[in-house]
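A quick write-up on the structure given underneath.
Nothing in this text is a laboratory measurement; each read-out follows from the coordinates by a stated rule. None of these values were measured; they are calculated from a predicted model. Cβ coordinates were reconstructed from backbone atoms using ideal geometry, including for glycine residues, and neighbour counts include every protein chain displayed.
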Amino acid sequence: MDKKRKVIIIGSAWPLRGGLAAFNERIAQQYLKRGDEVSVYTFSLQYPGFLFPGKTQYSSEPAPEDLDIKITVNTVNPLSWVKTGYEIRKQNPDLVIIKFWIPFVAPALGTIARIIRKNKHTKVISIIDNIVPHEKRPGDKMLASYWVKSVDGFITMSKAVLTDLDFFNKEKPKKFCPHPLYDHYGKIINKVAAKKALGLDVNTNYLLFFGFIRDYKGLDILLKAIDHQYFRVNNIKLLVAGEFYSNSKPYFELIEKHRLADMVIMSNDFIPDSKVANYFNAADVVVQPYKDATQSGVTQIAYHFEKPIITTNVGGLAEIVPDNEAGFVTAPDVTEIQQAILRFYQENKSREFEANVKKLKLRYSWDNMLKAIDEVMEIVDIKQNKVKTYDHTQ
């Protein structure tokens, strides 16, 4: 077995909120569990206020007690990039992991990574959410290229992103590893208790749309899809749990146009970690009507709570949800999504799908992610003529 390593995670973490912070904190905890020395460097400023679409960037939850989190990186202050880079370089860590999700952060994180790598010891591995963003802006490809040149290797959580990386670099090692389960949001409880905790009618059946609301996530498609008499007669409603990161007006106009006010429960504040479990436990099925995607952490929250998923055949979503096994996979189309929801209820698929999800969720462990990172590190060493074996399995 290899000796204990010094691991540093750079990216979103407490006091910031959201899926990026949840991911970085959870992977740091997995390295701690494995016996490594771990610290996290996060942002003192992640986005300037005018670029942030939500209400606040900051968490209302307490800091994780088990993590050493340093708040240093200001994405618009190059002095903080240099200072952080040299501070980490001096520590000579064995591994630095940086999550990349948007070209805006490439200058800051890329500069830090380049400074660190000059110590000729630290391996910098990037876990890539998207290398080509869903909402494109001028300069994205140039910034993405800068990022790709800044690190030693890559983990992607969808095969589509693995392919996208070839446009920027075909030589650096990269590996696909599915997004692990978000297993830290609480326990599975019965639906009645969860509905009561949310103040919902216990006799109503709920579809769940969860997460930040952006136009590419297709909530408009889902709102149109639930405009069907079957859902009204059978007391099936849509629970929308997430903060608007795009203009909310068109969605409320759709609700009015299709007379859905009594069929849609809009919970549009940010959902704190302590409340996430209730939303998933209350739902029959999670619906992801995305028009564009790579992978989704929402899928892995649903799997943790053993919920079936109705999703679309875009990006890597269908890689994780086997059609007619853990849910249904459709085109991002109103009629197809409507038919999938109807089929789920009319054919009583809930019990069958939930049983299958219980088996499938075992594939998505955090140890698998750490193993994939070890494999990429080993390829980097081979390319640099420094052959090592990174094996922490017991």
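Here are some notes:
- Helix-only mean residue ellipticity at 222 nm for the chain, each DSSP H run of n ≥ 4 adding -39500 (n - 2.57), per residue, nearest 500: -11500 deg cm²/dmol
- P(r) of the chain over all Cα-Cα pairs, binned every 20 Å from zero, in whole percent: 27, 56, 16, 0
- Each of S158, S274, S145 has some number of other Cβ atoms within 10 Å of its Cβ, and from fewest to most they run S274, S145, S158.
- Of the peptides 106-117, 219-230, 196-207, the ranking by mean beta-carbon count within 10 Å, highest at the top, reads 106-117, 219-230, 196-207.
- Straightening the chain between F167 and K136 buys 9.5 nm, computed as 0.36 nm per residue apart minus the Cα-Cα spacing.
- Charge context of V264, other residues only, Cβ under 14 angstrom, K/R +1, D/E -1: -1
- For segment 191-363, a/c is less than 1.5, where a ≥ b ≥ c are the root eigenvalues of the C-alpha gyration tensor. That puts it in the rounded class.
- K349 sits among other residues whose Cβ lies under 15 Å from its own Cβ, and their net charge, with Lys and Arg +1 and Asp and Glu -1, is -3.
- Using the Cβ of A197 as centre and a radius below 15 Å, the other residues enclosed give a net charge of +3, where K and R count +1 and D and E count -1.
- Fully extended contour minus Cα-Cα distance, from L32 to D201, at 0.36 nm per residue: 56.7 nm
- Over 28 Å (Cα to Cα) - which of K237/K291; K3/K118; K6/K307; K136/K195; K195/K349 fall in this group: K6/K307; K136/K195
- Fewest-first ranking of K174, K3, using other Cβ atoms within 10 Å as the exposure measure: K3, K174
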